[in-house]
Amino acid sequence: MAAKKAKEEESEKIVKAYVTGMNSITEDSDLARELYNQSRFGAVLESKKVQLSLIESLYLLEKGKISILKNRKKISFDDLMKNAEKKEPNIWTRFLVFKDLRNRGYIVKTALKFGADFRVYDRGVKPGEDHAKWVVYPVNEGEGLTWYEFAAKNRVAHSTKKRLLIAIVDDECDVTYYEIKWTRP
C-alpha cells in the first residue's frame, strides 16, 4: 500500500506534455510553470501552458521530469530522438551540448536570431534579467569548419556582444569547449 502511494506521488511530479511538430506543449499546471520559473525551460504561452523546444523536451524526458504523449500514447526518449533525427540530422550533437551545459548549471536557450544554435546565460542569470554571455555552435569532431564559416560565427558573436563558444563533441560523447575572442594587437 505504501509503495503504491509513493509511486502515485512520484507520478504526480511528472509534467505531461504533448508533441506538436518540432515542439511539445505541457499541460496547464503549476508543476509545468514551476519548470519554467525555476530553470527557464520553455516559454509560457497565453494559455498558461509551457511550450518546450525539441531539445528541452528530450532533456526533460531523459531526466524523468516530463512524460510526452503522441496520440494519447507515451513515447520514449529513443522514439522521440529517432523522430527528431529524421527532421534534424545534427540533433544528437546539439542534444549532447545542451545536456552538458544544463548539467553544469547554465540556462540554455535557442539562438536562431543570432545565427547560432544556442545562447547561454552565466550561472545564476535568467533570461530577461541580463543578456546571454555566449553563443554556442555544437560541432561533431568528425565535421569540418571552413575559415569562412568560422569567421562568420565569430563576427556574429562579436556584433551581438557575446562570446563565441565552439562545442566539439567527440566519439565518446564528451564535450570540449573553445572560447574565441577578438583581440587587437
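The values are calculated or read from the model by the stated rules, or taken from the named source; none is laboratory data. Because the structure is a prediction, the values reported are computed rather than measured. Glycine gets a Cβ as well: all are built from the backbone with ideal geometry, and neighbour counts include every protein chain shown.
List the number of the failed condition for V156; all other conditions in (1) part of a helix (DSSP H, G or I); (2) β-branched (V, I, T); (3) closer than 17 Å to R94 by Cα hold.
(3)
Checking Y137 against (1) out of contact with any Leu (no Cβ under 8 Å at 6 or more places or on another chain); (2) of a type in the set (S, T, Y); (3) buried (at least 16 other Cβ atoms within 10 Å of the Cβ); (4) modelled with pLDDT of 90 or more, which single condition isn't satisfied?
It fails just one condition, (1).
From the set of residues in region 58-79 that are polar (S, T, N, Q) and assigned to a loop (DSSP other than H, G, I, E, B), which is nearest to E27 (Cα to Cα)?
Filtering region 58-79 for residues polar (S, T, N, Q) gives 67, 71, 76.
Remaining after also requiring assigned to a loop (DSSP other than H, G, I, E, B): 71, 76.
Details: N71: 15, S76: 18 Å.
Here the answer is N71.
Is it the case that some residue within region 165-182 is in a loop (DSSP other than H, G, I, E, B) and at pLDDT below 90? Outline the logic, then answer.
First, pick out the residues of region 165-182 that are in a loop (DSSP other than H, G, I, E, B): 170-174, 181-182.
Then keep just the ones that are at pLDDT below 90; that gives 181-182.
Checking region 165-182: at least one residue is in a loop (DSSP other than H, G, I, E, B) and at pLDDT below 90.
If you check every pair at least six apart or on different chains, which have Cβ atoms under 7 Å apart with a residue in region 159-185 that is among the basic types (K, R) first and a residue that is in a loop (DSSP other than H, G, I, E, B) and surrounded by 11 or more Cβ atoms within 10 Å (Cβ to Cβ) second?
These pairs meet every condition: K162/A132; K162/K133; R163/K133.
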